[in-house]
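Chemist: First, the structure itself, so that you have it in front of you.
The values are calculated or read from the model by the stated rules, or taken from the named source; none is laboratory data. Small disclaimer: the values here were computed from a predicted structure and weren't measured. Cβ placement follows ideal geometry from the backbone for every residue including glycine, while neighbour counts extend to all protein chains displayed. For accessibility, only protein heavy atoms count, side chains too; no ligands or nucleic acids. Shrake-Rupley method; radii C 1.70, N 1.55, O 1.52, S 1.80 Å.
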Amino acid sequence: MPPSPVEYRIEDLAHRSGTSVRTIRAYQDRGLLPKPRRQGRVNVYDDGHLARLEQISGLLERGYTLASIKELLTAWDSGLGLAGVLGLVTEVDGPWSDESPATITRADLADRFPTDGTGGGGGLDEAALADAVTLGVLVPVQGRPDEFHVPSPQELAVAAELHAAGVPLLAVTAHLRELRGQIEHIAARFLDFTTEHVFARFLDHTPTDAEAAEAAELVRRLRPLARQTVDAELARAMSAQAARHLRHHLAALSL
């Protein structure tokens with residue numbers, strides 16, 4: 001005779017899962033946790049609820065948001081193995097650059113971006129600093145008002161070189177804002193293109209674990225192609241435009 005299923009009241013479930021009663025109720029309200037069975041005047045939970053709480057905790061530890069977790073669990077509930085979902089989402093969510101983030105202090109920023117243009121640490125341009133934070137070039141470190149995360153040290157290095165060459169910082173951030181809009185359009189077009197011609201066959205049904213693994217491998221292979229194409233086309237355009245620009249200015253000088 002099979003053993004009777006284990007049942008929990010919400011307080012017992014909270015204790016077993018290492019979470020709180022309030023959190024369990026919040027997960028239910030968000031649709032992350034199935035509703036309990038009503039037994040008289042008491043809500044009754046089982047090992048399925050406990051397993052789901054453990055899955056949610058594991059995903060939170062891996063950095064997923066509750067909204068992303070809900071999408072993953074919905075896909076899993078619809079028939080796709082969680083391993084397949086996680087493999088594909090991990091690949092898509094993975095870094096699209098080989099850069100490693102860094103941290104910088106206000107003092108270091110003042111040295112690299114002096115307002116007096118001498119490189120001697122003449123203070124910070126607070127308006128440009130605020131613009132950089134808005135753009136996500138700098139991310140304030142919580143609890144450390146004088147430190148910032150730098151998601152792309154390469155992007156910050158470009159800004160420093162442009163500033164050292166005489167470009168005002170607000171002009172640098174304005175240029176980045178314009179460039180970002182154009183790059184986001186290119187990224188969206190590349191995703192539309194690959195979705196239509198490569199990934200459409202995975203999207204008209206719930207894929208199996210094998211199909212999810214195949215899609216993840218395709219993402220891994222295609223990941224560098226957009227950047228390689230943009231690099232090649234930018235090099236071509238810069239060569240043509242720079243030569244044309246130089247000829248134009250030389251011609252103007254000869255008049």
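Chemist: Please report, in debye to the nearest 20, how large the charge dipole of the chain is about its Cα centre when each Lys and Arg carries +1 at its beta carbon and each Asp and Glu carries -1 there.
Modeler: So the dipole magnitude of the chain works out to roughly 580 debye.
Chemist: Would you mind classifying region 7-79 by shape? Square roots of the alpha carbon gyration tensor eigenvalues, ordered a ≥ b ≥ c; an a/c under 1.5 is rounded, otherwise it is prolate if a/b is larger than b/c and oblate if not.
Modeler: Because a/c hits 1.5 or more and a/b exceeds b/c, region 7-79 counts as prolate.
Chemist: Turning to a different aspect of this structure: Amide H of residue 46 versus every other amide H placed in the peptide plane: which residues, excluding those fewer than 5 positions away on the same chain, fall under 5 Å?
Modeler: Sorted by chain and number, the residues that satisfy this are 8.
Chemist: Could you sort 220, 9 by accessible area so the largest value comes first, with the probe set to 1.4 Å?
Modeler: 9, 220
Chemist: In the chain, with Lys and Arg counted as +1 and Asp and Glu as -1 at Cβ, which of these residues, 67, 32, 158, has the Cα nearest the positive end of the dipole, that is, farthest along it?
Modeler: Of 67, 32, 158, it is 32.
Chemist: Using 0.36 nm per residue, how much length does the chain from residue 234 to residue 68 gain when fully extended, once their Cα-Cα distance is taken away?
Modeler: Gain in length upon complete extension: 56.3 nm.
Chemist: Moving to a separate point now. State the label only: which of [x] 21.6; [y] 19.9; [z] 15.3 corresponds to mean projected area of the Cα convex hull in nm² computed from the shown model?
Modeler: [x]
Chemist: Report the accessible area of residue 196, computed with a 1.4 Å probe over the heavy atoms of all protein chains in place, in Å² rounded to the nearest 10.
Modeler: Roll a 1.4 Å probe over it and residue 196 shows about 120 Å².
Chemist: What nm value, rounded to one decimal, do you get for the distance between residue 26 and residue 141 when each label is placed 7 Å out toward the C-beta?
Modeler: It is 2.7 nm.
Chemist: Ranked by accessible surface with a 1.4 Å probe, highest first, in what order do 103, 134, 90, 173 come?
Modeler: In descending accessible area the options line up as 134, 103, 90, 173.
Chemist: Simple spin-label model, 7 Å along Cα-to-Cβ: residue 158 to residue 126 in nm?
Modeler: 2.9 nm
Chemist: Protein chains only, probe 1.4 Å: how do 205, 248 rank by accessible area, largest first?
Modeler: Highest to lowest solvent-accessible surface, that is 248, 205.
Chemist: Could you calculate the contour length gain from residue 103 to residue 244, that is, 0.36 nm times the residue separation minus the distance between their Cα atoms, to one decimal place in nm?
Modeler: 46.8 nm
Chemist: Short version: ³J(HN,Hα) in whole Hz for each residue of region 24-29, in order, from phi by Karplus 6.51 cos²θ - 1.76 cosθ + 1.60 (θ = phi - 60°), x for Gly and Pro, what are they?
Modeler: Coupling constants for region 24-29: 4, 5, 5, 4, 4, 4 Hz.
Chemist: Residue farthest toward the positive end of the dipole of the chain, with Cβ of Lys/Arg at +1 and Asp/Glu at -1: which of 89, 129, 172?
Modeler: 89
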